[in-house]
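What follows is one structure encoded as structure tokens, with my remarks underneath.
The values are calculated or read from the model by the stated rules, or taken from the named source; none is laboratory data. Please read these numbers as outputs of a predicted model, since none were measured by experiment. Heads up, the Cβs are rebuilt from the backbone with ideal geometry, glycines too, and the neighbour counts pull from every protein chain shown.
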Amino acid sequence: MPNANFTSRTEETIQGLKESGQLKPFYDVASPMRAVVNIKGKGDVLVLCANNYLGLADHPEVIEAGIQGLRDYGAGTASVRFICGTLDCHRQLEDTIAKFVGTEASLTYVSCWNANEALFPTLVGPEDAILSDELNHASIIDGMKLMTKTVTKKVYKHSNLNQLEEQLRETLQHKCRWVVTDGVFSMEGDVAHLPELVELCNRYEAMLVVDDSHGIGVLGKTGRGTPEHFDLFGKIDVLTGTLGKALGGAAGGYIAASQRAIEVLEQRARPSLFSNALPATVAYSAKKAIEIVDAHPEIVAKLHGNVAKFRVGLKNLGFECTDSPTAIIPIMIGDEAEAIRKSKRLFEMGIMIIGFGFPVVPRGEARLRLQVSAALENEHVERALDAFAKL
Ligand SMILES: Cc1ncc(COP(=O)(O)O)c(C=O)c1O
């Protein structure tokens, strides 16, 4: 028998969202993720809100690799890695990731959310201090909540290097200082000031952690992410990232760092010890996706070209668009209900783009978040800009 208070609480939450126009619609997608997808009962729409930055989610070789993974290893080990063994495909994927992002080693998880939950409580010691950008992703914020209570935590204003330096000075007595930042900020679409962050971390002997979930596959000439964009490949202490966006779009995340840091994570991180490994099919398809990016930098170049077309096109239409090399273009609306209305209006015009409001972004800062993909052809870009002109 369900608890009556719980039943009325859930009822009130959903009714409240409906009445304020904040209830998010969920669309049932009836085709693979690609430039144009079929929405059950609604027809075909152009997707401008997927993390499918390189269009690899339905790449024939990625699909074939996933099928091969199932054939070679079945669904997986039906256990965690230290109990029933690590599959060869996990090791191969991890070597491929480490090479791709420029670290000694890497370790995979079922999501980057999971990777961030593994990283902070395991590697940050009880007498350490951690300094975090205020706009870091929710998985970093939640991952940090799992650290021992004695860790000193400070949050600096978004990309405010003066405040960060102050905090580095204030925490000089701590055993180890950590600075953590998104590489590309997921709601703003701006890039971390990586050269300055690396310089500060070197000067204050702090460890730098960069979550490059929206940078990997997107930034840099060869898609190696935010470090490559700034010519800092191989210079970041710890990188985390997702396999669920540009690199195949299925799921999975990684931590890339020194060999020893990875060994400590294997031995001590709770998600490593108490949760299953990535399914073999995903290990295969993600590895294939990285190999495709490596062999075809022209896909990354096409994405960069599409990003430029959208930024210029939207600016010409009078939308406020910041200069940024990333594939995330936020279009600020303000009111959440209005953002959802505009998103519905675009949907009626055959364009899928989602309105983001609280708690994903602060109240009053609702926006449409446009995400560009290499899967888009010129006619798609033109169709999308046409719809924005009508909006
Ligand atoms: C910066 C950042 N980190 C982590 C994640 C979580 O990635 P995953 O879907 O692999 O859990 C996201 C996803 O949106 C993200 O934007």
Pairs, first assigned to a helix (DSSP H, G or I) and within 10 Å of the ligand (Cβ to nearest atom) in the stretch 99-124, second basic (Lys, Arg) and at pLDDT 95 or above, C-beta under 8 Å, six or more apart: GLU117/ARG270
Take the residues in the stretch 166-189 that are away from the ligand (no atom under 15 Å from the Cβ) and not in a loop (DSSP other than H, G, I, E, B); name whichever of them is nearest to ARG270 (Cα to Cα). TRP178
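Checking the conditions here, which among ILE255, ILE216 is buried (at least 20 other Cβ atoms within 10 Å of the Cβ) and away from the ligand (no atom under 11 Å from the Cβ)?
Step by step, each of ILE255, ILE216 is checked, and only ILE255 is buried (at least 20 other Cβ atoms within 10 Å of the Cβ) and away from the ligand (no atom under 11 Å from the Cβ).
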Name the residues in the stretch 1-57 that are in contact with a Lys or Arg (Cβ under 9 Å, 6 or more places away or on another chain), of a type in the set (Phe, Trp, Tyr) and at pLDDT below 95, would you? TYR27
Tally of residues being within 13 Å of LEU48 (Cβ to Cβ), of a type outside the set (A, V, I, L, M) and part of a loop (DSSP other than H, G, I, E, B) across the stretch 353-380: 1
Criterion first (of a type outside the set (D, E, K, R), farther than 24 Å from ASP190 by Cα and touching a Phe, Trp or Tyr at 6+ places or on another chain (Cβ under 6 Å)) does LEU123 satisfy it? no
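Could you say whether any residue in the stretch 158-165 is within 30 Å of VAL307 (Cα to Cα) and within 16 Å of the ligand (Cβ to nearest atom)?
Yes.
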Does LYS302 fit the bill of being without any contact (Cβ under 8 Å) to a residue 24 or more places away in the chain, closer than 23 Å to ASP386 by Cβ, more than 16 Å from the ligand (Cβ to nearest atom) and of a type in the set (Lys, Arg)? no
Residue in the stretch 225-241 that is farthest from ILE328 (Cα to Cα), counting only those that are outside any loop (DSSP other than H, G, I, E, B) and either of a type in the set (A, V, I, L, M, F, W, C) or within 13 Å of the ligand (Cβ to nearest atom) (or both): VAL238
(1) surrounded by 20 or more Cβ atoms within 10 Å (Cβ to Cβ); (2) closer than 15 Å to MET187 by Cβ all hold for GLY334 apart from (1)
